[in-house]
Each structure stands twice: as structure tokens, then as C-alpha cells.
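Just below is one structure, and these are the notes that go with it.
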Amino acid sequence: MSETHLDQALAEEFPNKAEAIHALKVSDPRFRALLDHNHDLWKQIQQIQKGIAPAEDTVLEDLEKRRLLILDQIGIRIA
């Protein structure tokens, strides 16, 4: 997934926050690390859901929960 597409996906998760996300992404290394971690988790989840990377349901649930925690942290930072 391209970075632009990932930015669009985050903008959909956080309507009206695209500018705040972009500003923090370029100015705050810790926020950028959150975004990178979110992207890594998202890729793993997508591979499991598409059957590319087989995994137990509990593994998928764990990844989804971890991603939700990251999204919560992103939401707090852009609020």
C-alpha cells in the first residue's frame, strides 16, 4: 500500500484530521513511529484476512486488538 493510500485510510478512520495527521507525521518522530507500527499491523492483518499468511483466529484477534490500541493512541495525539 502506498503511503498516500495509507494516509487516506487514516483520514477515513479520523475524519477531518488529515492535516493534523500529516503535520504530526512530519514533525514528531514518536507519532511517525505510531503510524509505522499501525501500518505494520495493518499489513499483517490484511495478509491473514486474504489467506496469504495463514494464522489462528486468536493471532488475528491479537493483531486487531493491538492495532485498535495504536489507533486509540493516534486519536489521542490528534484530538
Listed by first then second residue, the pairs whose first member lies in the stretch 60-79 and is among the polar types (S, T, N, Q), whose partner is part of a helix (DSSP H, G or I), with beta carbons under 8 Å and at least 6 positions apart or on separate chains, are Q73/L34
Residue hits (the stretch 28-79; touching a Lys or Arg at 6+ places or on another chain (Cβ under 6 Å) and among the β-branched types (V, I, T)) are I78
All-but-one check, Q46 against (1) within 14 Å of the chain's Cα centre (by Cα); (2) under 20 Å from A79 (Cβ atoms); (3) surrounded by fewer than 14 Cβ atoms within 10 Å (Cβ to Cβ), failing number (2)
For the stretch 46-66, the count of residues that are assigned to a helix (DSSP H, G or I), farther than 19 Å from A11 by Cα and touching a helix residue (DSSP H, G or I) at 6+ places or on another chain (Cβ under 9 Å) equals 6
Picked from the stretch 49-64 (must be at pLDDT below 95 and under 18 Å from the mean Cα position of the chain (by Cα)), the residue surrounded by the fewest Cβ atoms within 10 Å (Cβ to Cβ) is K50
L41 meets each of (1) touching a residue at least 12 places away in the same chain (Cβ under 8 Å); (2) aliphatic (A, V, I, L, M); (3) not in a helix (DSSP H, G or I) with one exception, condition (3)
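The values are calculated or read from the model by the stated rules, or taken from the named source; none is laboratory data. Just so it is clear, the structure is predicted and the values come from calculations on it, not from any experiment. All Cβ positions, glycine included, derive from the backbone under ideal geometry; neighbour counts span all protein chains shown.
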